[in-house]
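The values are calculated or read from the model by the stated rules, or taken from the named source; none is laboratory data. Please read all numbers here as calculations on a predicted model, not as lab measurements. Backbone-built Cβ (ideal geometry, glycine too); neighbour counts: all protein chains shown. The accessibility values were calculated without ligands, DNA or RNA, using every heavy atom of the protein model including side chains. Shrake-Rupley method; radii C 1.70, N 1.55, O 1.52, S 1.80 Å.
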Amino acid sequence: MEASTSPGRRPGGSFAEVLVHTSRQREKVRFASGDTSCAAWYYPGSNGGCVVMAGGTSVTKEPASELFAARFHDAGFAVLAFDHRRFGESGGAPRQIVRFDEQVADWHAAIDCAAGLPGVAPDRVAAWGFSLAGGHLFHVAADHPRLACAIAQTPVVDGRALAPHALRSMTPSAVVRLMALGLADALGGLVGRPPLLVPTAGPRGAVASLTTPDAADADRALDPDGRHTAWERTVAARIALRIGGYRPGRHAPRVRCPLLVVVCDQDASALPGPALRAAGRAPRAEVVHLPGTHYAPFLAAHQQAAEAQLDFLQRHLGTARAE
(Lines give C-alpha, C1' and ligand atoms only; values in the text may rest on other atoms or scores of the structure.)
Protein backbone atom coordinates (compact mmCIF):
# COMPACT_ATOMS: atom_id res chain seq x y z
CA MET A 1 0.00 0.00 0.00
CA GLU A 2 1.51 3.31 -1.07
CA ALA A 3 1.69 6.27 1.26
CA SER A 4 1.19 9.90 0.39
CA THR A 5 1.64 13.00 2.51
CA SER A 6 -0.93 15.77 2.54
CA PRO A 7 -1.09 18.95 4.62
CA GLY A 8 -3.73 19.36 7.29
CA ARG A 9 -4.63 22.77 8.69
CA ARG A 10 -4.77 23.14 12.46
CA PRO A 11 -6.94 25.80 14.08
CA GLY A 12 -5.11 29.08 14.13
CA GLY A 13 -3.76 28.79 10.61
CA SER A 14 -0.66 26.62 11.14
CA PHE A 15 -0.14 23.45 9.13
CA ALA A 16 0.77 19.94 10.23
CA GLU A 17 1.84 17.16 7.92
CA VAL A 18 -0.56 14.22 8.03
CA LEU A 19 0.57 10.86 6.64
CA VAL A 20 -2.25 9.17 4.77
CA HIS A 21 -2.43 5.57 3.47
CA THR A 22 -5.45 5.13 1.20
CA SER A 23 -7.53 1.97 1.73
CA ARG A 24 -11.04 1.80 0.21
CA GLN A 25 -13.53 3.74 2.34
CA ARG A 26 -11.12 4.77 5.05
CA GLU A 27 -7.58 6.12 5.18
CA LYS A 28 -4.70 5.67 7.59
CA VAL A 29 -3.72 8.97 9.23
CA ARG A 30 -0.97 9.87 11.69
CA PHE A 31 -0.92 13.08 13.71
CA ALA A 32 1.59 14.51 16.16
CA SER A 33 0.88 14.35 19.89
CA GLY A 34 3.50 15.25 22.44
CA ASP A 35 6.85 13.82 21.42
CA THR A 36 5.36 11.04 19.28
CA SER A 37 2.48 10.42 16.86
CA CYS A 38 -0.89 8.73 17.04
CA ALA A 39 -2.36 6.41 14.41
CA ALA A 40 -5.94 6.78 13.22
CA TRP A 41 -8.47 5.66 10.66
CA TYR A 42 -10.15 8.49 8.79
CA TYR A 43 -13.51 7.85 7.14
CA PRO A 44 -14.23 10.83 4.82
CA GLY A 45 -17.75 12.12 5.22
CA SER A 46 -20.19 14.11 3.12
CA ASN A 47 -21.85 16.63 5.46
CA GLY A 48 -18.89 18.53 6.97
CA GLY A 49 -19.21 17.06 10.46
CA CYS A 50 -16.60 14.76 11.98
CA VAL A 51 -16.70 12.44 15.00
CA VAL A 52 -13.39 11.74 16.75
CA MET A 53 -13.45 8.34 18.46
CA ALA A 54 -11.34 6.26 20.85
CA GLY A 55 -11.77 3.42 23.32
CA GLY A 56 -10.86 2.94 26.94
CA THR A 57 -7.77 1.45 28.61
CA SER A 58 -6.12 -0.90 26.08
CA VAL A 59 -8.97 -1.06 23.54
CA THR A 60 -7.55 -0.06 20.16
CA LYS A 61 -9.26 1.93 17.46
CA GLU A 62 -10.71 -0.95 15.43
CA PRO A 63 -12.62 -2.85 18.15
CA ALA A 64 -13.46 0.41 19.93
CA SER A 65 -14.99 2.25 17.02
CA GLU A 66 -15.95 0.13 14.02
CA LEU A 67 -19.52 -0.71 15.04
CA PHE A 68 -20.53 2.90 15.77
CA ALA A 69 -18.24 4.45 13.14
CA ALA A 70 -20.14 2.59 10.43
CA ARG A 71 -23.43 4.06 11.63
CA PHE A 72 -22.04 7.59 11.85
CA HIS A 73 -20.35 7.32 8.45
CA ASP A 74 -23.53 6.00 6.80
CA ALA A 75 -25.29 9.12 8.10
CA GLY A 76 -22.77 11.35 6.30
CA PHE A 77 -20.35 12.15 9.13
CA ALA A 78 -16.63 11.81 8.79
CA VAL A 79 -14.95 9.73 11.50
CA LEU A 80 -11.43 9.91 12.90
CA ALA A 81 -10.83 6.86 15.14
CA PHE A 82 -7.45 6.82 16.86
CA ASP A 83 -5.18 4.87 19.20
CA HIS A 84 -3.89 6.61 22.30
CA ARG A 85 -0.12 6.80 22.45
CA ARG A 86 1.59 3.66 23.76
CA PHE A 87 -1.24 1.51 22.38
CA GLY A 88 -2.12 -0.05 19.04
CA GLU A 89 -0.37 1.48 16.06
CA SER A 90 0.45 4.74 17.79
CA GLY A 91 3.96 5.63 18.89
CA GLY A 92 5.26 6.02 22.40
CA ALA A 93 7.29 3.76 24.65
CA PRO A 94 7.23 1.91 26.97
CA ARG A 95 4.09 0.23 25.68
CA GLN A 96 0.70 -0.53 27.30
CA ILE A 97 1.01 2.21 29.93
CA VAL A 98 -2.03 4.38 30.64
CA ARG A 99 -1.05 7.93 31.54
CA PHE A 100 -4.18 9.99 31.93
CA ASP A 101 -2.59 13.34 31.09
CA GLU A 102 -1.04 11.93 27.92
CA GLN A 103 -4.32 10.46 26.74
CA VAL A 104 -6.15 13.74 27.34
CA ALA A 105 -3.45 15.50 25.30
CA ASP A 106 -3.92 12.91 22.54
CA TRP A 107 -7.61 13.83 22.41
CA HIS A 108 -6.80 17.50 21.92
CA ALA A 109 -4.34 16.62 19.15
CA ALA A 110 -6.89 14.34 17.47
CA ILE A 111 -9.59 17.02 17.53
CA ASP A 112 -7.18 19.55 16.03
CA CYS A 113 -6.18 17.02 13.37
CA ALA A 114 -9.82 16.32 12.49
CA ALA A 115 -10.56 20.04 12.16
CA GLY A 116 -7.90 20.29 9.44
CA LEU A 117 -8.88 17.27 7.36
CA PRO A 118 -10.35 17.78 3.87
CA GLY A 119 -14.12 18.14 3.89
CA VAL A 120 -14.39 18.78 7.63
CA ALA A 121 -15.74 22.07 8.95
CA PRO A 122 -13.40 23.07 11.82
CA ASP A 123 -16.28 24.13 14.05
CA ARG A 124 -18.24 20.90 13.51
CA VAL A 125 -16.07 18.33 15.26
CA ALA A 126 -17.54 16.02 17.92
CA ALA A 127 -15.83 13.61 20.31
CA TRP A 128 -16.99 10.07 21.17
CA GLY A 129 -15.42 7.85 23.82
CA PHE A 130 -16.47 4.92 25.94
CA SER A 131 -15.39 3.65 29.33
CA LEU A 132 -12.11 5.31 30.35
CA ALA A 133 -12.06 7.38 27.15
CA GLY A 134 -15.61 8.51 27.89
CA GLY A 135 -14.32 9.82 31.20
CA HIS A 136 -11.50 11.67 29.48
CA LEU A 137 -14.09 13.59 27.48
CA PHE A 138 -15.32 15.48 30.53
CA HIS A 139 -11.83 16.97 30.83
CA VAL A 140 -11.35 17.40 27.09
CA ALA A 141 -14.73 19.05 26.51
CA ALA A 142 -14.13 21.43 29.41
CA ASP A 143 -10.86 22.65 27.91
CA HIS A 144 -11.25 22.48 24.13
CA PRO A 145 -12.81 25.74 22.90
CA ARG A 146 -13.94 24.52 19.47
CA LEU A 147 -15.47 21.15 20.25
CA ALA A 148 -19.03 21.16 18.92
CA CYS A 149 -20.37 18.35 21.14
CA ALA A 150 -19.33 15.15 22.90
CA ILE A 151 -20.71 11.66 23.56
CA ALA A 152 -19.52 9.84 26.68
CA GLN A 153 -20.70 6.23 26.59
CA THR A 154 -20.59 4.28 29.88
CA PRO A 155 -17.88 6.68 31.07
CA VAL A 156 -15.43 6.19 33.94
CA VAL A 157 -15.84 9.55 35.68
CA ASP A 158 -14.91 8.88 39.32
CA GLY A 159 -12.09 6.50 40.13
CA ARG A 160 -12.64 7.05 43.84
CA ALA A 161 -16.08 5.46 43.53
CA LEU A 162 -15.00 2.85 41.00
CA ALA A 163 -11.87 1.49 42.67
CA PRO A 164 -13.49 0.07 45.86
CA HIS A 165 -16.22 -1.55 43.77
CA ALA A 166 -13.65 -3.09 41.41
CA LEU A 167 -11.63 -4.43 44.33
CA ARG A 168 -14.72 -6.02 45.87
CA SER A 169 -15.20 -7.97 42.63
CA MET A 170 -11.79 -9.61 43.15
CA THR A 171 -10.76 -12.36 45.52
CA PRO A 172 -8.56 -11.23 48.43
CA SER A 173 -5.52 -13.07 47.09
CA ALA A 174 -5.97 -11.50 43.65
CA VAL A 175 -6.18 -8.03 45.21
CA VAL A 176 -2.90 -8.58 47.08
CA ARG A 177 -1.14 -9.88 43.98
CA LEU A 178 -2.46 -7.07 41.76
CA MET A 179 -1.41 -4.37 44.22
CA ALA A 180 2.03 -5.96 44.58
CA LEU A 181 2.43 -6.08 40.82
CA GLY A 182 1.21 -2.48 40.53
CA LEU A 183 3.74 -1.29 43.07
CA ALA A 184 6.57 -3.25 41.47
CA ASP A 185 5.57 -1.93 38.05
CA ALA A 186 5.46 1.69 39.25
CA LEU A 187 8.82 1.43 41.02
CA GLY A 188 10.38 -0.38 38.09
CA GLY A 189 9.22 2.35 35.77
CA LEU A 190 11.19 4.89 37.78
CA VAL A 191 14.43 3.07 36.95
CA GLY A 192 13.58 2.26 33.34
CA ARG A 193 12.44 -1.34 33.67
CA PRO A 194 9.87 -2.71 31.18
CA PRO A 195 6.27 -2.52 32.39
CA LEU A 196 4.71 -5.45 34.21
CA LEU A 197 1.57 -6.28 32.27
CA VAL A 198 -1.70 -7.79 33.44
CA PRO A 199 -4.79 -8.73 31.42
CA THR A 200 -7.20 -5.85 30.96
CA ALA A 201 -10.08 -8.08 32.02
CA GLY A 202 -10.48 -11.50 33.57
CA PRO A 203 -12.76 -13.71 35.65
CA ARG A 204 -13.08 -13.37 39.41
CA GLY A 205 -9.92 -14.75 40.98
CA ALA A 206 -7.69 -13.67 38.11
CA VAL A 207 -4.99 -11.06 38.52
CA ALA A 208 -6.36 -8.58 35.99
CA SER A 209 -7.13 -4.90 35.78
CA LEU A 210 -10.87 -5.55 35.97
CA THR A 211 -12.78 -8.66 37.07
CA THR A 212 -16.32 -7.33 37.38
CA PRO A 213 -19.00 -9.66 36.00
CA ASP A 214 -19.55 -7.63 32.83
CA ALA A 215 -15.83 -7.34 32.07
CA ALA A 216 -16.11 -10.83 30.59
CA ASP A 217 -18.31 -9.43 27.80
CA ALA A 218 -15.48 -7.42 26.21
CA ASP A 219 -14.47 -9.91 23.52
CA ARG A 220 -18.06 -10.78 22.64
CA ALA A 221 -18.91 -7.08 22.35
CA LEU A 222 -15.81 -5.71 20.66
CA ASP A 223 -14.35 -8.63 18.71
CA PRO A 224 -17.07 -11.24 18.18
CA ASP A 225 -15.46 -12.68 15.07
CA GLY A 226 -11.89 -12.72 16.39
CA ARG A 227 -10.71 -10.43 13.58
CA HIS A 228 -8.67 -8.04 15.73
CA THR A 229 -5.66 -10.27 16.23
CA ALA A 230 -3.30 -7.32 16.77
CA TRP A 231 -5.30 -6.01 19.74
CA GLU A 232 -3.16 -6.60 22.84
CA ARG A 233 -5.51 -7.04 25.77
CA THR A 234 -3.04 -6.07 28.50
CA VAL A 235 -2.18 -2.97 30.50
CA ALA A 236 0.68 -1.98 32.80
CA ALA A 237 -0.21 -3.04 36.35
CA ARG A 238 0.46 0.43 37.78
CA ILE A 239 -3.02 1.50 36.63
CA ALA A 240 -4.39 -0.31 39.70
CA LEU A 241 -2.63 2.25 41.91
CA ARG A 242 -3.69 5.29 39.91
CA ILE A 243 -7.27 4.79 38.82
CA GLY A 244 -8.62 5.66 42.27
CA GLY A 245 -7.28 9.18 41.99
CA TYR A 246 -8.63 9.84 38.51
CA ARG A 247 -11.85 11.85 38.69
CA PRO A 248 -12.52 13.54 35.34
CA GLY A 249 -16.16 14.06 36.23
CA ARG A 250 -15.04 16.99 38.38
CA HIS A 251 -14.65 18.97 35.15
CA ALA A 252 -18.36 18.61 34.33
CA PRO A 253 -19.39 22.13 35.43
CA ARG A 254 -16.93 23.60 32.91
CA VAL A 255 -18.26 21.61 29.93
CA ARG A 256 -20.07 24.23 27.82
CA CYS A 257 -20.74 22.21 24.68
CA PRO A 258 -23.67 19.77 24.39
CA LEU A 259 -22.78 16.50 26.12
CA LEU A 260 -24.60 13.19 25.72
CA VAL A 261 -23.96 10.74 28.57
CA VAL A 262 -24.99 7.17 27.78
CA VAL A 263 -25.56 5.17 30.97
CA CYS A 264 -26.23 1.45 31.27
CA ASP A 265 -28.37 0.87 34.34
CA GLN A 266 -26.73 -2.45 35.30
CA ASP A 267 -23.15 -1.35 34.53
CA ALA A 268 -20.90 -3.08 37.09
CA SER A 269 -17.66 -1.75 35.58
CA ALA A 270 -17.98 2.03 35.18
CA LEU A 271 -21.08 2.31 37.44
CA PRO A 272 -24.10 4.42 36.44
CA GLY A 273 -24.31 6.56 39.59
CA PRO A 274 -21.12 8.60 39.17
CA ALA A 275 -21.91 9.23 35.50
CA LEU A 276 -25.40 10.46 36.33
CA ARG A 277 -24.08 12.79 39.01
CA ALA A 278 -21.45 14.20 36.65
CA ALA A 279 -24.04 14.69 33.91
CA GLY A 280 -26.19 16.58 36.39
CA ARG A 281 -23.38 19.08 36.88
CA ALA A 282 -22.74 19.69 33.16
CA PRO A 283 -24.78 22.68 31.96
CA ARG A 284 -25.83 21.21 28.59
CA ALA A 285 -25.82 17.49 29.32
CA GLU A 286 -28.39 15.00 28.10
CA VAL A 287 -28.69 11.47 29.50
CA VAL A 288 -29.73 8.29 27.75
CA HIS A 289 -30.50 5.28 29.94
CA LEU A 290 -30.02 1.84 28.43
CA PRO A 291 -30.85 -1.53 29.94
CA GLY A 292 -27.94 -3.86 30.49
CA THR A 293 -24.33 -3.89 31.58
CA HIS A 294 -21.15 -2.07 30.53
CA TYR A 295 -20.99 -3.40 26.96
CA ALA A 296 -24.73 -3.36 26.23
CA PRO A 297 -24.35 -0.54 23.65
CA PHE A 298 -22.29 -2.97 21.53
CA LEU A 299 -24.68 -5.87 22.13
CA ALA A 300 -28.43 -6.02 22.80
CA ALA A 301 -28.85 -2.25 23.26
CA HIS A 302 -26.86 -1.26 20.18
CA GLN A 303 -29.79 -0.12 18.06
CA GLN A 304 -31.16 2.07 20.83
CA ALA A 305 -27.71 3.49 21.56
CA ALA A 306 -26.91 4.21 17.93
CA GLU A 307 -30.25 5.90 17.26
CA ALA A 308 -29.89 8.16 20.30
CA GLN A 309 -26.34 9.11 19.36
CA LEU A 310 -27.20 9.79 15.72
CA ASP A 311 -30.10 11.99 16.79
CA PHE A 312 -27.75 13.91 19.10
CA LEU A 313 -25.15 14.35 16.34
CA GLN A 314 -27.73 15.49 13.80
CA ARG A 315 -29.03 18.11 16.21
CA HIS A 316 -25.63 19.47 17.25
CA LEU A 317 -23.43 18.98 14.18
CA GLY A 318 -26.13 19.72 11.63
CA THR A 319 -26.10 18.71 7.99
CA ALA A 320 -24.63 21.72 6.16
CA ARG A 321 -21.73 20.93 3.85
CA ALA A 322 -18.20 22.14 4.52
CA GLU A 323 -16.91 24.77 2.13
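Label the stretch 256-314 by shape, choosing from rounded, prolate and oblate, from the square roots a ≥ b ≥ c of the eigenvalues of the Cα gyration tensor; if a/c is under 1.5 it is rounded, and otherwise prolate applies when a/b is larger than b/c, oblate when it is not. Please list the in-between numbers first.
Details: a/c = 3.03, a/b = 1.17, b/c = 2.59.
The shape class here is oblate.
Per residue, how much accessible area does the stretch 190-323 show when a 1.4 Å probe rolls over the protein heavy atoms, in square angstrom? Could the numbers behind the result be given before it?
On the way: 6530 Å² over 134 residues.
Each residue of the stretch 190-323 exposes 49 Å² on average to a 1.4 Å probe.
Using θ = phi - 60° and the Karplus curve 6.51 cos²θ - 1.76 cosθ + 1.60, what whole-Hz ³J(HN,Hα) does each residue of the stretch 68-80 get, with Gly and Pro shown as x?
Whole-Hz 3J(HN,Hα) from phi for the stretch 68-80: 7, 4, 4, 5, 5, 5, 4, 7, x, 7, 6, 9, 10.
At a Förster distance of 22 Å, what's the computed FRET efficiency of residue 146 paired with residue 254, Cβ-Cβ distance as r, to 0.05?
FRET efficiency, residue 146 to residue 254: 0.90.
So for the chain, averaging the separation of alpha carbon pairs under 8 Å that are six or more residues apart and normalising by length, what relative contact order in percent results? Could you put the intermediate results ahead of the total?
Numbers: 762 pairs, mean separation 56.0, N = 323.
Computed value for the chain: 17 percent relative contact order.
Ignoring ligands, DNA and RNA, what percent of the accessible area of the chain is carbon or sulfur (1.4 Å)?
Values: 7210 of 13200 Å².
Taking all protein chains in place, the chain shows 55 percent carbon and sulfur surface.
Quick one: Karplus J couplings for the stretch 126-132, per residue in order, coefficients 6.51, -1.76, 1.60, θ = phi - 60°, nearest Hz, x for Gly and Pro?
Computed from phi, the couplings for the stretch 126-132 are 10, 10, 9, x, 10, 6, 4 Hz.
How much of residue 87 can a 1.4 Å solvent probe reach, expressed as accessible area in Å² and rounded to 10?
Here the residue's solvent-accessible area equals roughly 10 Å².
Which of the three applies to the stretch 67-212, rounded, prolate or oblate, going by the alpha-carbon gyration tensor with a ≥ b ≥ c and a/c under 1.5 meaning rounded? Each step should come with its number before you reach the end.
Numbers: a/c = 2.41, a/b = 1.83, b/c = 1.32.
Cα axes put the stretch 67-212 in the prolate bin.
Suppose all protein chains stay in the model; what accessible area per residue would a 1.4 Å probe give for the stretch 74-171, in Å²?
Working: 2610 Å² over 98 residues.
Here the residues of the stretch 74-171 average 27 Å² of exposed surface.
Based on Cβ point charges of +1 for Lys and Arg and -1 for Asp and Glu, what charge dipole magnitude is obtained for the chain about its Cα centre, in debye rounded to the nearest 20? Intermediate results must be reported in sequence, preceding the final value.
Values: 33 positive and 29 negative charges, 159 e Å.
Approximately 760 debye in magnitude.
Provide, for q = 0.06 Å⁻¹, the log10 of I(q)/I(0) from a solvent-free Debye sum over equal Cα point scatterers in the chain.
-0.18
Could you tell me the calculated FRET efficiency between residue 180 and residue 46, based on Cβ-Cβ distance and R0 = 51 angstrom, to the nearest 0.05? Please report the intermediate quantities before stating the final value.
Working: r = 53 Å, r/R0 = 1.04.
Once the sixth-power term is evaluated, E becomes 0.45.
Sticking with the crude label model, points 7 Å out along Cα→Cβ, report the distance from residue 314 to residue 281 in nm, one decimal please.
3.4
Round to the nearest 10 and report in Å² the accessible area of residue 77, as given by a 1.4 Å probe over the protein chains' heavy atoms.
Its heavy atoms expose roughly 0 Å² to the probe.
Between residue 219 and residue 101, what is the label-point separation in nm under the 7 Å Cα-to-beta-carbon projection?
Here the modelled spin labels are 3.7 nm apart.
Evaluate Rg over Rh across the stretch 85-127, taking Cα atoms for both radii and Kirkwood's formula for Rh.
Numbers: Rg = 12.5 Å, Rh = 11.6 Å.
When Rh is taken as the Kirkwood radius, the ratio is 1.08.
For the stretch 133-273, what does the equivalent ellipsoid look like in terms of its semi-axes, each the square root of 5 times an eigenvalue of the Cα gyration tensor, given largest first in whole Å? All intermediate terms of the calculation are to be shown ahead of the outcome.
On the way: eigenvalues 145, 71, 52 Å².
Ellipsoid half-lengths, sorted descending, are 27, 19, 16 Å.
Where does each of 228, 139 land when they are ordered by accessible area, with a 1.4 Å probe and the largest first?
Details: 228 25, 139 50 Å².
The residues order as 139, 228, largest area first.
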